[in-house]
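This report concerns only the one structure given below.
Quick note: the coordinates plus some simple rules give every number you see, no bench work behind them. Just so we're clear, the structure is a prediction, and the values are computed from it rather than from any experiment. Virtual Cβ from ideal backbone geometry, glycine too; neighbours counted across all protein chains shown.
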Amino acid sequence: MIIYRRLSFEERERIWQLSVFGFSTRVIGKEIGRNASTISRELRRLDWCWKGYGVLGSHRDSVRKAASRRGGKRKLFMNKKLCKLVLEKLRLYWSPEQIAQYLKRRYEDAAMRISAESIYTYVYVLPRGELKAELIKCLRREHKKRRVRGRSAVGQTSNLVDMLSIEERPKAVEKRTVPGHWEGDLIIGGMKEQTALGTLVERTTRSVILVPLKSKKANEVRAAFSREMKRLPKQMRISLTYDQGREMAEHKLFTKQTKIKVYFAHARSPWERGTNENTNGLIRQYFPKNTNFKLVSRSQIKKVQHLLNGRPRKTLDYRTPYEAMQQLMQ
């Protein structure tokens, strides 16, 4: 004999949370240990003020009171529009701080604003399940232990011919007042042959160029980097700071083709290319360790480039690289 057990307040609230994020009745049922038909019947009760699931009657009042008692931690549960917007940006790998500042700039209505801490709290207080796992994967924290290494040449003296030391680079570059100075590197992928992706970052605007590569060979890297850089306006092509990796062995030919001087950081000194190192961390959110870049199309790579350049940056006062570049070019 099957005994029917009514949905508790906690189960109704959980259904609400998951339905707001667009999960199917089957997934919601699996999450809370209920039959999908039970979830479906509950969602058909349209006794609420927006088109989606709400906690009915006294449950709705309880949720509102709970949100007040908990200092607004349930604000995302109460405001469907805000909740969907936050989820959308998280899925684009925006940080909670970036999302909070974006909402602050765009909306005057306090109902459409939320603090970064509230977003973090929401994610980490969720019960264990598919929703929490998905959202944590959207946070950069998952990649904090990532080590941006992968080739033996990194951090080692490579004895490149006629290297220009970073000490010879104009001091004005450090101030970031003049655009056109770039930092470069490779992100190493998976497979025995170690596929790679070229990364170029402009120091002033944080604009990113992702460079598809067929291999890590010096001639391939030089040719690919040259093609990308020659598409830029002349005033945006002044210098490139790189580590002492062997892939930049043809730096003199690169300079001849692009008119861009290449300066080399000291061995084992990644902080001298801090902008690039930080950006590589962002890129790894889209292309995790062991990605086989031979299986990633150029259009996919350029899509990620577009997403990165459309992502607000704290160091730019939460403007995007696109906006920063546009202001400079006016």
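For residue 80, go through the aspartates and glutamates and keep the ones whose alpha-carbon is under 17 Å away, minus same-chain ones fewer than eight residues off.
13, 47, 61, 88, 109
What ranking of 211, 296 emerges when the number of other C-beta atoms within 10 Å of each C-beta is taken as an exposure proxy, fewest first?
Ascending Cβ contact count within 10 Å gives the list 296, 211.
Please list the non-local residues whose amide H lies under 5 Å from the amide H of residue 262, H modeled 1.01 Å from N, same-chain partners needing a gap of 5 or more.
The list, which skips near neighbours in sequence, is 240.
Between residue 213 and residues 5 or more places away or on another chain, which pairs have amide H atoms under 5 Å apart, with H built 1.01 Å from N, and which residues are they?
Residues meeting the amide H criterion: 198.
Near residue 319, within a Cβ-to-Cβ distance under 12 Å, what is the net charge of the other residues, with Lys and Arg +1 and Asp and Glu -1?
Result for the local shell: +3.
How would 293, 77 line up from fewest to most surrounding beta-carbon atoms within 10 angstrom?
The fewest-first ordering by Cβ neighbours comes to 77, 293.
With label points built 7 Å along Cα→Cβ from the Cα atoms of residue 108 and residue 8, find their separation and express it in nm.
Each label point lies 7 Å from its Cα, and together they span 4.5 nm.
Hey, which of these cross-link pairs are over 21 Å Cα-Cα: 171/259; 84/104; 84/302; 214/289; 81/104?
Checking Cα-Cα distances, 84/302 exceed 21 Å.
State the extension gain, in nm to one decimal, for the chain segment bounded by residue 289 and residue 116, taking 0.36 nm per residue of separation less the distance between their alpha-carbons.
That pair, residue 289 and residue 116, stretches by 59.6 nm at full extension.
Could you line up 94, 182 from fewest to most neighbouring Cβ atoms inside 10 Å?
Lowest count first: 94, 182.
Roughly how many nanometres apart are two label points built 7 Å out from the Cα toward the Cβ at residue 326 and residue 133?
Distance between the two pseudo-spin positions: 4.0 nm.
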